[in-house]
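A short worksheet on the structure shown next.
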Amino acid sequence: QPSPDQQPVNAPGLTCRLLCVLPSLLSSDCLTANIVKSHRETCQYRVEELQALRWKVFSREEVLAYQSKSVEEMWQRCAYRLTDSIQYVVEFAKRIDGFLELSQNDQIVLLKGGSLEVVLVRMCRSFNPDNGTVFFEGKYGGTEVFKSLGCNDLIASIFEFSQSLCALHLSEQEVALFTAVVLLNPERAWLQDKEKVARLHSHVDVAFKNTLQRSHRDTMLSKLSQKTLQLKSLCLLHIDRLRSFLELRPLLAHSLFPPLYHELFTDGPDAPLE
Ligand SMILES: CCS(=O)(=O)c1ccc([C@@H](NC(=O)Cc2ccccc2)C(=O)Nc2ccc(C(O)(C(F)(F)F)C(F)(F)F)cc2)cc1
């Protein structure tokens, strides 16, 4: 009888355990690859591009020009920019395995509830934490650029959020997986098939956790769950400011804002996303 340390490892048991756990690792790796690819194809600007533009900062004159614009014009410019970014998020969602298998109603509910959150997470890639500027209309500017919007608290919160997210030094792979988790939130109100969304969400969550563990970034999870809470309140503040802006100018809403922005952020008659 060989001594215990010479006994062959209980091979069948080990093989079985590997084979049992392997499919989920494989499917989780496939899902990770799909999400990272979807992000790369729909991220609007690559990080390298955004970083190469950091030296292009608005001059004093350009800042003054922004500050002398009307509230309406500034809101319109931001709304257009955000709607542009949201279109890319819609495309990102459609490329995530399983998203298009959800009912159209649930696809719209998830995008209505999560697209602005995803844009704000993605936006941190265009934020320069060294001088507190964000890439806007071709150059980098600080909060002073958005002064004429008349909601400095919202802008300050968005900049603080971007600053804190930058401090986590998320890789593109982590941004991809984090934004997929944010988007596939089974707790969104009005979901028809909550269980189906919860299954998809848990697959993405497992894929994200596996990725973080492999790169020894497990500590990131607790920090990111705090970020998700901040994100929620930030978007509620943003939508509430938009509403109060629009309530004062009912006619403006339809002429000023691109249709998608209107559908996503006002409780007007729900038209399906094109
Ligand atoms: C989000 C995906 S990404 O990181 O790839 C990415 C980053 C920045 C932009 C930027 N693109 C432009 O400017 C387009 C362009 C370029 C040249 C000339 C004219 C036009 C852009 O849209 N910034 C931008 C910042 C801030 C805002 C706020 O509304 C918010 F609330 F989102 F932060 C504002 F309030 F700060 F203004 C809204 C928008 C687009 C995509």
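A few remarks follow.
- Sparsely packed chymotrypsin sites (Phe, Trp or Tyr not before Pro) within the range 167-208, loop by DSSP, other Cβ within 10 Å at most 12: TRP190
- Rounded accessible area of VAL57 (nearest 10 Å², 1.4 Å probe): 70
- Put ARG122, ARG217 in order of accessible area, highest first, and with a 1.4 Å probe you get ARG217, ARG122.
- Heavy-atom accessible surface of the range 174-238: percent carbon and sulfur, 1.4 Å: 60
- Nearby lysines by direct alpha-carbon distance to LYS147 (threshold 16 angstrom, same-chain neighbours under 8 apart not counted): LYS69
- Of all accessible heavy-atom area on the range 18-173, the percent that carbon and sulfur account for (1.4 Å): 56
- nm² value of the averaged projected area, convex hull over the Cα atoms of the chain: 17.9
- Contact order relative to length of the range 123-274, as percent, for alpha carbon pairs under 8 angstrom and 6 or more apart: 16
- Evaluated at q = 0.11, 0.12, 0.18, 0.21 Å⁻¹, a Debye calculation over the C-alpha positions of the range 127-274 (equal weights, vacuum) places log10 I(q)/I(0) at -0.58, -0.69, -1.28, -1.37.
- Taking 22 Å as the limit for the C-alpha separation, the pairs LYS194/LYS232; LYS112/LYS232; LYS94/LYS196; LYS194/LYS223; LYS112/LYS194 exceed it in the case of LYS194/LYS223.
- Per-residue SASA entry for LYS194, accessible area with 1.4 Å probe, Å² rounded to 10: 90
- log10 of Debye I(q)/I(0), alpha-carbon scatterers only, for the range 77-204 at 0.17 Å⁻¹: -0.91
- For the chain: accessible area per residue (Å², 1.4 Å): 52
The values are calculated or read from the model by the stated rules, or taken from the named source; none is laboratory data. Since we're looking at a predicted model, the values are computed, not measured. Here the Cβ is made from the backbone with ideal geometry for all residues, glycine too, and neighbour counts use every protein chain on show. Protein only, heavy atoms only, side chains kept; ligands, DNA and RNA dropped before computing areas. Shrake-Rupley method; radii C 1.70, N 1.55, O 1.52, S 1.80 Å.
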